[in-house]
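Participant: After the structure tokens below, expect a handful of questions from me.
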Amino acid sequence: MATITKSVQIARPPDEVFAYMDDINRHQEWQEQIESNRVVTDGPTRVGTEVETTRVVGGGRKIDQRWRITEHDPAARRSAFETTESKMLKPSGVISVSQAGDGSEVKFDFETNPVGLGRLLHPLIKRDVEKTITGDLEQLKQRLEQGGAA
């Protein structure tokens, strides 16, 4: 298991940033690897919400994942997830949004949780995951600061 912690400063109010990130149907707007995202459960995002995601990773390989929300606290602007079905990695993580000056800081703590062949390839996968998270957070920042999240 390896923890990856990344953060980004965004010049937008924390409640606005969290609300945008909390909308699972908008994840494709700022997470480049997502090809499709389907919320399996009914209702708003909450503890127990389940999602099926297809990601396109290195070399154009598609990876199907099923994950669920394990913690959801909009008042604290904090949410956690765990992957329940996936090959090579079953990631879990916590996303929190806090006040930072006039804007926000988004912090993402991510556990890779390698399984099967992922254990052997973990050093390479971890490096790719770190780059992906950094890129996703930069895309989130650009989207929110340029008003593309309205």
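Participant: With a 1.4 Å probe and all protein chains left in place, how much of the accessible area of the chain comes from carbon and sulfur atoms, in whole percent?
Facilitator: Roughly 49 percent, rounded to a whole number.
Participant: Still on this structure, please answer the following. List the residues whose amide H sits under 5 Å from the amide H of N113, counting only those 5 or more places along or on another chain, with H placed 1.01 Å from N in the peptide plane.
Facilitator: Sorted by chain and number, the residues that satisfy this are A2.
Participant: Using the Karplus equation 6.51 cos²θ - 1.76 cosθ + 1.60 (θ = phi - 60°), what ³J(HN,Hα) coupling, rounded to whole Hz, does each residue of the range 98-111 give in order, writing x for Gly and Pro?
Facilitator: With the stated coefficients, the range 98-111 comes to 10, 5, 9, x, 8, x, 9, 10, 9, 10, 10, 9, 10, 9 Hz.
Participant: Moving to a separate point now. Which residue, chosen from I63, Q146, P74, occupies the Cα position most advanced towards the positive end of the dipole of the range 3-150, where the dipole is computed from +1 (Lys, Arg) and -1 (Asp, Glu) charges on Cβ about the Cα centre?
Facilitator: I63
Participant: Send over a whole-number figure in Å² for the accessible area per residue of the chain, probe 1.4 Å.
Facilitator: Normalised by residue count, the accessible surface of the chain is 53 Å².
Participant: Pull up all non-local amide H partners of E35: gap of 5 or more, or a different chain, and H-to-H distance under 5 Å with H placed in the peptide plane.
Facilitator: T54, R55, V56
Participant: Mind checking the full-extension length gain between V94 and V57? Use 0.36 nm per residue of separation minus the Cα-Cα distance, one decimal, nm.
Facilitator: Computed gain between V94 and V57 is 11.2 nm.
Participant: Moving on. Pairing the Cα long axis of helix 117-145 with the longest principal axis of the chain, what angle in degrees results, from 0 to 90 and rounded to the nearest 10?
Facilitator: Value to nearest ten degrees: 20.
Participant: Scan (i) 55, 38, 27; (ii) 47, 32, 31; (iii) 44, 33, 25 for the value of Cα extents along the principal axes in Å calculated from this model and give just the label.
Facilitator: (iii)
The values are calculated or read from the model by the stated rules, or taken from the named source; none is laboratory data. Predicted model, so just to flag it, every value in this text is computed and none were measured. Here Cβ is always computed from backbone atoms with ideal geometry, including for glycine, and neighbour counts include all displayed protein chains. Heads up: the accessible areas ignore ligands, DNA and RNA and are worked out on the full protein's heavy atoms, side chains in. Shrake-Rupley method; radii C 1.70, N 1.55, O 1.52, S 1.80 Å.
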